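Colleague: Right, I'll just put the structure down here and ask away after.
The values are calculated or read from the model by the stated rules, or taken from the named source; none is laboratory data. If you're wondering where the values come from, they're calculated on a predicted model, not measured in any experiment. FYI the Cβ positions are ideal-geometry reconstructions off the backbone, even for glycines, and counts take in every protein chain you see.
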Amino acid sequence: MLKFIFSLFILLLNVSFAFASVEKTIALDDGSELYVSHYRAKGTKLVIWLAPEAGLQPSEQDAAQKLSERGVEVWYPDLFEANFLPVATSSMDKIPAEQISGLVNAASKTTKQVYVLTSGRGVIPALRGIRAWQIDNPGNDSLRGLILLSPKFFLETPDPGQAAEIMPIVNVTNLPIFIMQPNQSPWWWKLDKTIPALEKGGSDVFIRVFSGVRDRFNYRPDATSVEENLAKQLPTFIVQAMGLVSTQKPKREPVFLQQPLEKKTASAKKSRELKVFSGDPTPPPLILKNLFDQKRDLRDYKGKVVLINFWASWCPPCVHEMPSMQRLSEKLKDKPFEILAVNMAEDKQVIKQFVRDIIHVDFPILLDSDGEVLKNWGVFAFPTTYVIGKQGNIRYALFGSREWDEDDVLRILNTLIDE
């Protein structure tokens, strides 16, 4: 009996060891070596999982282990440490495409179907590395596609009124792509621009929308119960995505341009100051109902200075700045000034309860139920705020949150009020 128990213990230990990650050395094309956390599996699929700008995540490592238990091999490199880079958004532009190309090339030699998985800003070095691999390996179809979780395809968040620029690499990507996109995200509202850009290069694009969850739902410290449950299902979603992507014939050749592909990098983080508006000063239409089904039309506020704030309850910076907006409203209550807070496509009853129980504001909350106003106003990030002068033109704007009752804001608003 004791011998049986010991044998069973050894068997279970071996099963556990088979799924645990080990350090694996990958020989790259230039002769250098790269270490990856290697989740071994005997199946026919291999995932190269690239960490996002937030760095390596324990929840992603847990998901990688669950994938290995389902027969999917996973390589999970730390490209920040390998390149002596800080864990920051700006570091993503500094990850060499040759390293990712080398990883793909090494994976292709295993004879398994290879997939690249990443999220957020990690998509940019991933696309650059894949293009480099395609150029060096024409005719190789072992790379089956990309699986992207709430990817960020844009160069940077533009100032309000300015057009957002998609990274050039996006237009020359031609592999099958599966995007998992939370709908409580600014990137949900940008799919009408990013999907055509991907299809321009020849990519077949599949979308799976996750309703009621935010970006980074799989590793948020403030995750809701819905987000936590969805994170537990992520390995299943990845397996399903691979199954669908693998039905498409991968493109063997890269998309070549007549001129070299311009490599653009995001600029440094912008200041969060109320700036003079540099776009077309004529505001788009804004006719929406408030929480009590009363219609509000921006044109009816001519003669007042109006602060228009685009926000969502799932956006922490939006919620953080709301109390200061209420204080601003109280300080200017006897002057021709109004705040209109435009909520992004959330349920009216949810917002009513949120205003009553969480933020306690009494300025009008308007409901942009289908996001049409957001699109017409070119809102790229939450929160975004516009200041309308008494003549009805856009005078100032800001993306990002701030304390709205500070002296510098009051000086600007009072100057507009006194005009």
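Colleague: Among the candidates Arg208, Arg220, single out the residue that is at pLDDT 95 or above, under 17 Å from the mean Cα position of the chain (by Cα) and surrounded by fewer than 18 Cβ atoms within 10 Å (Cβ to Cβ).
Modeller: Exactly one of Arg208, Arg220 is at pLDDT 95 or above, under 17 Å from the mean Cα position of the chain (by Cα) and surrounded by fewer than 18 Cβ atoms within 10 Å (Cβ to Cβ), namely Arg208.
Colleague: Taking the condition farther than 27 Å from Ile130 by Cα and surrounded by fewer than 16 Cβ atoms within 10 Å (Cβ to Cβ), does Asp192 pass?
Modeller: no
Colleague: Could you say which residue among Ala197, Ala163 is surrounded by fewer than 23 Cβ atoms within 10 Å (Cβ to Cβ), in a loop (DSSP other than H, G, I, E, B) and either in the same structural domain as Val104 (by TED's automatic domain parsing) or in contact (Cβ under 8 Å) with a residue 24 or more places away in the chain (or both)?
Modeller: It is Ala163.
Colleague: So Lys45 ticks every box in (1) surrounded by fewer than 16 Cβ atoms within 10 Å (Cβ to Cβ); (2) within 12 Å of Ala107 (Cα to Cα); (3) not hydrophobic (A, V, I, L, M, F, W, C) but one. Which box is left unticked?
Modeller: Just one mismatch for Lys45, condition (1).
Colleague: Of the conditions (1) more than 25 Å from Glu419 (Cβ to Cβ); (2) touching a residue at least 60 places away in the same chain (Cβ under 8 Å), Phe354 satisfies every one except a single condition; which number is it?
Modeller: Among (1) more than 25 Å from Glu419 (Cβ to Cβ); (2) touching a residue at least 60 places away in the same chain (Cβ under 8 Å), Phe354 violates only (2).
Colleague: If you take the residues of the range 105-120 that are touching a Ser or Thr at 6+ places or on another chain (Cβ under 8 Å) and crowded, with 22+ Cβ neighbours inside 10 Å, which of them is farthest from Leu50 (Cα to Cα)?
Modeller: For the range 105-120, the residue satisfying everything is Gln113.
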